[in-house]
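All remarks here apply to the structure that follows.
The values are calculated or read from the model by the stated rules, or taken from the named source; none is laboratory data. The model shown is predicted, which means the values in this text are computed figures rather than measured ones. Positions of Cβ are backbone-derived with ideal geometry, glycine not excepted, and every protein chain shown enters the neighbour counts. Side chains included, ligands, DNA and RNA excluded: accessible areas come from the protein's heavy atoms. Shrake-Rupley method; radii C 1.70, N 1.55, O 1.52, S 1.80 Å.
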Amino acid sequence: MSAPTTPRPAPGAPPPRPPLKVLEPLRETGRLFALGAQVLRLMFRRPYHPREFVEQFWFIASVTILPAMLVTIPFGAVIALQVGSLLQQFGAQSFTGGASVLVIIQQASPLIVSLLISGVAGSAICADLGARTIREELQAMEIMGVSPVHRLVVPRVLAVTLVGVLLNGLVSVVGTAGGYFFNVIMQNGTPGAHVASFSALAQIPDLVISEIKALVFGFIAGVVAAHRGLNPRGGPKGVGDAVNQSVVFTFLLLFFVNMVLTALYLRLVPAKGL
C-alpha cells in the first residue's frame, strides 16, 4: 500500500499561508508542557543515569548554597525590621517573631530558592544544552537511538528539583536565625516572646507548603531551561538569547505559580487557632 501523498495546490491557486505569528506563544507553551510531561514519564524508565545526576547535583549545589545564604540574611533582616515596625504601631510587638518567621518560611524562602535556581542553575543548563544543540550532538544521539531528553534532560531536572528542596530548608533555617537576631538584638525583643509567638502562629502545613513550592519551582525551572536549551535559534547568539529568555520566563512563571499555590493553601488550610 503506497503512502498518502500531499495534495498539490491547483494551478493558479494562492500559496498556503504561513502559520500565524500570533499563535507562536501558544505553540511554545504547548511544547513546554509536552516536555514537562515527557520528563515525568521518563523519570521512571530504565536505564537510569546516576553519574550524570550526581555531577549535576553537585554542580548546582556548589554554585547556589553560598549565594542563597548571603541573600537570605539581609532579606530576613528586612522582613523582621519591617514586620516589627508595623506590628509595633498596632501594639502587637509580641507577635513580631512569629509573623516574620511565617513570612520567611511560606513566601521568602521558596522565592529566594526559585530565583537562584533559575538564575544560576537554569542558565547553566540552558547554555549547556544549547551549545550541544548547535553542535548537533543531540541529533547524533537521536540517530544512535539515544533519547536526549532521557539521557540529558531528566538527570538535570531531577538534580535541580532535589537541590531546590534541600536548599529551601537551608534558607528557611538561615532566614529564621537572621529574623531572630534582628528582632531580639536590633529591636530589643524578648527571646521568650519571639519563640512563643512562633509556636502560637506556626503549624506543620506551613513548612509542608514551603517544601512543595520549592519542589514545584525546581521542576519548572529545570524544564523551562531545558526547553529553551533544546530550541535555540540563530547559532551561538541564539544560545545567549535562549539563556536570557529562560531566566526571564522562569521568573514570571514562578511568581504566577507561587500566587496560585498560596491562594490554594490559604483556602484549604485554616490558620492556627481557627
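Look through the stretch 29-49, keep the residues that are without any contact (Cβ under 8 Å) to a residue 40 or more places away in the chain and not aliphatic (A, V, I, L, M), and return whichever of them is least open to solvent (accessible area, probe 1.4 Å). Give the derivation first.
From the stretch 29-49, those without any contact (Cβ under 8 Å) to a residue 40 or more places away in the chain are 29-30, 33-34, 37, 40-41, 44, 46-48; that's our starting set.
From what's left, not aliphatic (A, V, I, L, M): 29-30, 33, 41, 44, 46-48.
Working: THR29: 58, GLY30: 39, PHE33: 148, ARG41: 129, PHE44: 160, ARG46: 189, PRO47: 81, TYR48: 130 Å².
Across the stretch 29-49, the extreme among qualifying residues is GLY30.
The set of residues in the stretch 50-91 being of a type outside the set (A, V, I, L, M, F, W, C) and either open to solvent by 60 Å² or more (accessible area, probe 1.4 Å) or at pLDDT below 80 (or both) consists of PRO50, ARG51, GLU55, SER62, PRO74, GLY76, GLN82, GLY84, SER85, GLN88, GLN89, GLY91.
Condition check: open to solvent by less than 60 Å² (accessible area, probe 1.4 Å) and not aromatic (Phe, Trp, Tyr). Does GLY234 satisfy that? In short, no.
Could you tell me which of the residues VAL269, VAL248, VAL257 is open to solvent by 50 Å² or more (accessible area, probe 1.4 Å) and more than 14 Å from GLY130 (Cα to Cα)? Spell out the reasoning first.
On the way: VAL269 fails: open to solvent by 50 Å² or more (accessible area, probe 1.4 Å); VAL257 fails: open to solvent by 50 Å² or more (accessible area, probe 1.4 Å).
Result of the check over VAL269, VAL248, VAL257: VAL248.
The single residue among LEU215, LEU207 that is assigned to a helix (DSSP H, G or I), under 12 Å from PRO110 (Cβ atoms), open to solvent by 20 Å² or more (accessible area, probe 1.4 Å) and modelled with pLDDT under 85 turns out to be LEU207.
Quick check on this structure: which one of ALA200, ALA242 is out of contact with any Ser or Thr (no Cβ under 6 Å at 6 or more places or on another chain), assigned to a helix (DSSP H, G or I) and buried (at least 16 other Cβ atoms within 10 Å of the Cβ)?
Numbers: ALA200 fails: buried (at least 16 other Cβ atoms within 10 Å of the Cβ).
Of the residues listed, the single one that is out of contact with any Ser or Thr (no Cβ under 6 Å at 6 or more places or on another chain), assigned to a helix (DSSP H, G or I) and buried (at least 16 other Cβ atoms within 10 Å of the Cβ) is ALA242.
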